[in-house]
Every structure is written in structure tokens, then in C-alpha cells.
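Trainee: Once you've had a glance at the structure underneath, I'll fire off some questions.
The values are calculated or read from the model by the stated rules, or taken from the named source; none is laboratory data. Note that the structure is a prediction, hence the values are computed from the model and not measured. Reconstructed Cβ throughout: ideal geometry from the backbone, glycine too, with neighbour counts over all protein chains shown.
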Amino acid sequence: MPELIVAPSVLAADFSRLGEEVRDAEQAGARWFHFDVMDGHYVPNISIGLPVLESLRAVTDSFLDVHLMIDDPDRFLTPFAAAGADMITIHQEASTHLHRDVHEIRRLGPQAGVAINPSTPAETLSEILPFLNLVLVMTVNPGFGGQAFIRSALRKVERVRAMAADFGLIDLHVQVDGGIDPETAPDAARAGADVLVAGSSIFRGPGTVQQNYEDIRRSLSVHV
Ligand code: DX5
Ligand code: ZN
């Protein structure tokens, strides 16, 4: 399994000082940031988009993982790749031609990820898995930060990791997103997740951004 990555989700950052918030997390060791795009249609919320990604790209070399929570993501693959995404993750439930979209992402340059909601079975990915760099197992229903971790998703993380092993995909990233904090991160890692997205617990947690990031890292080194 790839090395464990803690990916701060900038959705929970203070957008008026986004560059500084990202720099604080980088000082604690973060090198992978999760960027949530919501269209007010696929999910009942609107967040950030292309101009913010461009601005962030201009101030960091860290890996930018763009989670598109939008309908018909094929319409926006080219602009998000051009704006500097290192990875683009689309929802299995929102893409009409998933195979085409995944190949298009890779043709444009970024790595390709597919996300599945809490009610979507892991098995829906069996045909697309060999073409992916990452599977995102949602541990909340997408649309909002600060929701409670859905524990039943852990079994799905185990299933995705087992499916990947069956295909010999040892480098496949399995990401969890939603409700990740120092308590839940070790459970997700033990189930087989290697990329742990954390928004509220890092940018709105009890300590500084650096302390909050380090608390999650410490929980992983102690409990996994
Ligand atoms: C939810 C987003 C998440 C969100 C997670 O729809 O996809 O990336 O930022 O936020 P927390 O860590 O606060 O649950
Ligand atoms: Zn996300």
C-alpha cells in the first residue's frame, strides 16, 4: 500500500487568507491539498471553482487534488486541467460515460480519480478500476464540511483495497473524505485508505493549523 498521506481540504480554510492557510499546513508537512468544487446541482451547495484553483496553483507546488461534485463533469475537465489540477476526481454517479471521462482526464495530463457516495457499492468500479490512480470512498454525503463520519464506509474501503489487490494495483490510492480527525483517521488507514482528507479538523480544529495537522499524523503513527 502507498505511504499514508494527510490531505487538508481547503473547503474549511479561511478563503480571505487561503495562501497563508495552505502555507501553514505545508510548514507542518502537508504536500497534498484537496480542492472541493460544488455546483449547487449535483450537491446542494456551491463552493469554489476555476479562478480560486488558478490562484492557489500560483502560490504552491503541492499536489492539488480537485474533487468535482458537479453534474456532467466532462464539460469541465479541460479547464480544470488547464487551471493546474494534479488530479481530477469525478463522481461515478455524475458521469454518463465514466470510461471516456477517465481517459480524457489522463489524456489532458492530470491523474484520474473516481468518487463513490456512501450508498454506491464498491463493485460499480470493477470495470474502471485498472484505469484509475485513485478511488475516493466518501465517508459523508458530499456537499458540506463538518459532517459526522459514516462508519459503515470502512467496509467499503476494505472492499476497494481487496479489489485493487485482485487486479494487482498496488499503487492505487484509496482516499477517504468526510469526518476525518485524529479519532477516525487511524480506522480509515487500517481499513486500507492511504489518502486521508481532512477539512474541519485541520482548518477549524482546536489548535493551530500546524498542530491540527500534526495531531492527525501522530494518531496514525500511534494507532496504525
Ligand atoms: C464534502 C467534501 C469534503 C469536505 C470534508 O462534500 O467533499 O472534502 O471538505 O470536510 P470535513 O473534513 O470537514 O468533513
Ligand atoms: Zn471532497
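Trainee: Which one is nearest to Ser126 (Cα to Cα) among residues in the range 166-195 that are among the charged types (D, E, K, R) and away from ligand 1 (no atom under 14 Å from the Cβ)?
Mentor: In the first step, residues of the range 166-195 are kept if they are among the charged types (D, E, K, R); the result is 166, 171, 177, 181, 183, 187, 190, 194.
From what's left, away from ligand 1 (no atom under 14 Å from the Cβ): 166, 171, 187, 190, 194.
Details: Asp166: 10, Asp171: 16, Asp187: 24, Arg190: 22, Asp194: 20 Å.
The residue in question is Asp166.
Trainee: Is one or more of the residues making up the range 119-130 closer than 16 Å to Asp39 by Cβ, touching a strand residue (DSSP E or B) at 6+ places or on another chain (Cβ under 9 Å), at pLDDT 95 or above and within 16 Å of ligand 2 (Cβ to nearest atom)?
Mentor: Looking through the range 119-130, none of the residues is closer than 16 Å to Asp39 by Cβ, touching a strand residue (DSSP E or B) at 6+ places or on another chain (Cβ under 9 Å), at pLDDT 95 or above and within 16 Å of ligand 2 (Cβ to nearest atom).
Trainee: Within the range 12-59, can you find the residues that are among the β-branched types (Val, Ile, Thr) and free of Cβ contacts under 8 Å to residues at least 40 places away in the same chain?
Mentor: Hits for the range 12-59 are Ile46, Ile48, Val52.
Trainee: Has the range 166-175 got any residue that is β-branched (Val, Ile, Thr), surrounded by fewer than 20 Cβ atoms within 10 Å (Cβ to Cβ) and assigned to a loop (DSSP other than H, G, I, E, B)? Break it down stepwise before answering.
Mentor: We begin by selecting, within the range 166-175, every residue β-branched (Val, Ile, Thr); these are 170, 174.
Within this subset, residues satisfying the condition of being surrounded by fewer than 20 Cβ atoms within 10 Å (Cβ to Cβ) are 170.
Going one step further and asking which of them are assigned to a loop (DSSP other than H, G, I, E, B), we end up with 170.
Scanning the range 166-175 turns up at least one residue that is β-branched (Val, Ile, Thr), surrounded by fewer than 20 Cβ atoms within 10 Å (Cβ to Cβ) and assigned to a loop (DSSP other than H, G, I, E, B).
Trainee: Residues of the range 73-97 being surrounded by fewer than 16 Cβ atoms within 10 Å (Cβ to Cβ) and touching a Lys or Arg at 6+ places or on another chain (Cβ under 6 Å), which ones?
Mentor: Once the filter is applied, which keeps residues that are surrounded by fewer than 16 Cβ atoms within 10 Å (Cβ to Cβ) and touching a Lys or Arg at 6+ places or on another chain (Cβ under 6 Å), the range 73-97 yields nothing.
Trainee: Looking for whichever is surrounded by fewer than 20 Cβ atoms within 10 Å (Cβ to Cβ), over 18 Å from His99 (Cα atoms), more than 15 Å from the chain's Cα centre (by Cα) and within 11 Å of ligand 1 (Cβ to nearest atom) here; the options are Ala148, Ala162. Which one fits?
Mentor: The conditions single out Ala148.
Trainee: Still on this structure: Just a yes or no: is a residue in the range 134-153 in contact with a Leu (Cβ under 9 Å, 6 or more places away or on another chain), farther than 20 Å from Val66 by Cβ and modelled with pLDDT of 95 or more?
Mentor: No - not one qualifying residue is present in the range 134-153.
Trainee: Which residue, of Glu26, Glu3, Glu93, Glu20, is more than 16 Å from ligand 2 (Cβ to nearest atom), at pLDDT 95 or above and within 18 Å of the chain's Cα centre (by Cα)?
Mentor: After applying the criteria, what remains is Glu26.
Trainee: Looking only at residues that are small (Gly, Ala, Ser) and more than 17 Å from Phe144 (Cα to Cα) in the range 14-58, which one is surrounded by the most Cβ atoms within 10 Å (Cβ to Cβ)?
Mentor: Only one residue tops the list, namely Ala25.
Trainee: If you scan the range 196-219, which residues turn out to be in contact with a helix residue (DSSP H, G or I) (Cβ under 7 Å, 6 or more places away or on another chain) and within 12 Å of ligand 1 (Cβ to nearest atom)?
Mentor: Leu196, Ala198, Gly199, Ser200, Ser201, Ile202, Phe203, Arg204, Gly205, Asn212, Ile216
Trainee: Go through the range 99-132 residue by residue and tally those that are over 17 Å from Phe80 (Cα atoms), more than 16 Å from ligand 1 (Cβ to nearest atom) and buried (at least 17 other Cβ atoms within 10 Å of the Cβ).
Mentor: Total meeting the criteria: 5.
Trainee: For Thr139, only one of the following conditions fails: (1) in contact with a helix residue (DSSP H, G or I) (Cβ under 7 Å, 6 or more places away or on another chain); (2) more than 27 Å from Ala13 (Cα to Cα). What is its number?
Mentor: It is condition (2) that Thr139 fails.
Trainee: Filter the range 8-46 down to residues that are more than 10 Å from ligand 1 (Cβ to nearest atom) and of a type in the set (Gly, Ala, Ser) and give me whichever is farthest from Ala58 (Cα to Cα).
Mentor: Looking at residues that are more than 10 Å from ligand 1 (Cβ to nearest atom) and of a type in the set (Gly, Ala, Ser), I get Gly40.
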